[in-house]
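The values are calculated or read from the model by the stated rules, or taken from the named source; none is laboratory data. What you see is a predicted model; the values in this text were computed from it and never measured. Ideal geometry is used to build each Cβ from the backbone, glycine not excepted, and the neighbour counts take in all protein chains shown. Accessible surface is based on the protein model in full, side chains and every heavy atom, while ligands, DNA and RNA are left aside. Shrake-Rupley method; radii C 1.70, N 1.55, O 1.52, S 1.80 Å.
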Amino acid sequence: MHADLAARLIDRPTLARFTALADLDPTLVVDDFTNPRAAAALRETEVIVSGWGCPPLDESVLAQAPALRAVIHAAGSVKHHVTDACWRRGIQVTSAAWANALPVAEYTVAFVLLANKELLRMRDDYRARRGVPHDWLAAYPRAGNHRRTVGVVGASRIGRRVLELLRPHDLDLLLHDPYVDASEAERLGARAVGLDELCAASDVVTVHAPELPSTRHLVDRRRLALLHDDATLVNTSRGSLVDQEALVDELLTGRLNAVLDVTEPEVLPADSPLYDLPNVVLTPHVAGSLGGELHRMAAAAADELARYTAGLPFAHPVHHEDAARSA
């Protein structure tokens with residue numbers, strides 16, 4: 001993982017668990033497998049605990065690690081470092097994606113509820129009036145979450161958690177996912193619909209599909225045009241899933257609102273209008289684990305290491321057939 005990540009990710013109780021479960025050198029954090037210390041350690045390594053910034057585990061790396069049997073990823077997606085060579089070797093893989101999904105879902109649900117309440121626009125309105133009496137009930141006749149429609153794009157771990165957290169509210173929930181049929185959507189508390197219908201019917205559309213060639217610009221100019229006036233688009237997935245140029249065009253008119261934790265490129269140029277538009281909430285890819293939330297992912301990795309040392313199967317395995325369509 002990134003050299004400076006381990007100290008933020010692994011708190012003292014979890015580090016104590018790691019060292020009790022395995023022969024581990026806590027001073028050796030690898031982000032380059034050509035490092036001589038890394039090469040020496042690989043020769044004896046049975047389990048790699050990885051995180052953000054892990055280099056690819058390709059054929060050349062695996063050739064140096066004859067004893068490697070498992071990769072325990074203390075983060076979300078494994079697509080960047082678990083290669084086909086790992087699957088061919090039969091290396092077991094597990095991920096803390098479920099743990100990283102929790103704060104993303106919380107971020108999403110918070111903004112869904114705020115968007116329907118129109119609180120961000122109302123905050124700016126109140127600030128501008130500065131003590132001038134105003135009929136807020138008349139000014140915001142549609143504000144609120146009662147019987148509003150929320151469309152969830154993608155029944156991923158995060159999408160499913162979003163649906164779970166939204167179910168107690170008086171909302172109508174729609175779901176679009178090509179791998180989920182009507183009965184499963186109903187079990188999740190939603191109604192399965194096509195993406196066009198979802199866009200046209202929803203007050204808030206929130207995107208939780210994986211980044212794949214087939215999902216690039218999934219929400220394109222035509223589908224953005226289907227959203228009704230004052231609808232809100234929330235994207236905590238990947239910037240490529242939304243046609244950003246088309247979205248900016250809509251946002252500049254003031255017709256739509258957006259909550260964007262991800263963009264394309266990931267760091268926008270300084271002159272991007274998304275920084276300053278009043279109908280946009282823009283955050284720097286922080287919906288996932290941050291601060292103390294990182295410790296939950298490390299604890300999840302320690303739990304999986306405990307299962308491995310006890311000869312038990314991983315609780316949250318990643319399978320080759322699922323990896324191709326994961327986030």
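Listed by first and then second residue, the pairs linking a residue in the stretch 1-17 that is touching a residue at least 40 places away in the same chain (Cβ under 8 Å) to a residue that is surrounded by 13 or more Cβ atoms within 10 Å (Cβ to Cβ) and hydroxyl-bearing (Ser, Thr, Tyr), with Cβ atoms under 8 Å apart and 6 or more places separating them unless they lie on different chains, are Met1/Ser50. Taking every residue in the stretch 271-295 that is more than 20 Å from Ala75 (Cα to Cα) and pairing it with any residue that is among the aromatic types (Phe, Trp, Tyr) and open to solvent by less than 60 Å² (accessible area, probe 1.4 Å), at least 6 positions away or on another chain, the pairs with Cβ-Cβ distances below 7 Å are Val281/Phe111. Every listed requirement among (1) of a type in the set (Ser, Thr, Tyr); (2) open to solvent by less than 30 Å² (accessible area, probe 1.4 Å); (3) in a helix (DSSP H, G or I) is met by Thr94 save one, (3). Checking the stretch 137-147 against the condition returns no match, with no residue being crowded, with 18+ Cβ neighbours inside 10 Å and assigned to a strand (DSSP E or B).
Applying a threshold of 7 Å to beta carbon distances and a minimum spacing of six or more residues, or different chains, the list of pairs starting in the stretch 176-193 at a residue that is at positive phi and ending at one that is loosely packed, with under 13 Cβ neighbours inside 10 Å reads Gly189/Arg167.
Selection over the stretch 1-46 of residues that are farther than 20 Å from Ala300 by Cβ and either of a type in the set (A, V, I, L, M, F, W, C) or open to solvent by 60 Å² or more (accessible area, probe 1.4 Å) (or both) gives a count of 21. Scanning the stretch 300-318 for residues that are under 19 Å from the mean Cα position of the chain (by Cα) and among the aliphatic types (A, V, I, L, M) yields Ala300, Ala301, Val318. The residue pairs whose first member lies in the stretch 53-64 and is in a helix (DSSP H, G or I), whose second member is modelled with pLDDT of 95 or more and open to solvent by 60 Å² or more (accessible area, probe 1.4 Å), and whose beta carbons are closer than 7 Å, counting only pairs six or more residues apart or on different chains, are Leu62/Arg89.
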